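Structure, as structure tokens:
Just so it is clear, none of the values below were taken in a lab; they were calculated from the coordinates. Fair warning: this is a prediction, and the values are worked out from it, not measured in the lab. Glycine also receives a Cβ, built like all others from the backbone with ideal geometry; neighbour counts cover every protein chain displayed.
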């Protein structure tokens, strides 16, 4: 995050994420569960990918995934 948005914004984003986790834990009286945040990160990635595809289509382009070469 620091390289992408700068040090101060990265600190703010990290503090916001920690505050959101803490608030959810206190509000729901549950222990920390990292799988919840992994699911949200995956949803965020999917939404970002869909937005990029939509934007490319509007520009008349088509995105295709890169196939990673498997080591044999």
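Here the gap between residue 66 and residue 44, fully extended at 0.36 nm per residue and compared with their Cα-Cα distance, gives a gain of 5.9 nm. Compared with the dominant principal axis of the Cα atoms in the chain, helix 7-28 is inclined by about 60°.
Checking (i) 8.3; (ii) 5.8; (iii) 6.4 against the coordinates, the calculated mean projected area of the Cα convex hull in nm² falls under label (i).
Helices in the chain, meaning DSSP H runs of at least 4 residues, each add -39500 (n - 2.57). Divided by all residues, the mean residue ellipticity at 222 nm is -23500 deg cm²/dmol. If R0 is 25 Å, the Cβ-Cβ spacing of residue 24 and residue 54 corresponds to a FRET efficiency of close to 0.25.
Taking Cα atoms only, the orientation of helix 34-58 departs from the longest principal axis of the chain by about 30 degrees.
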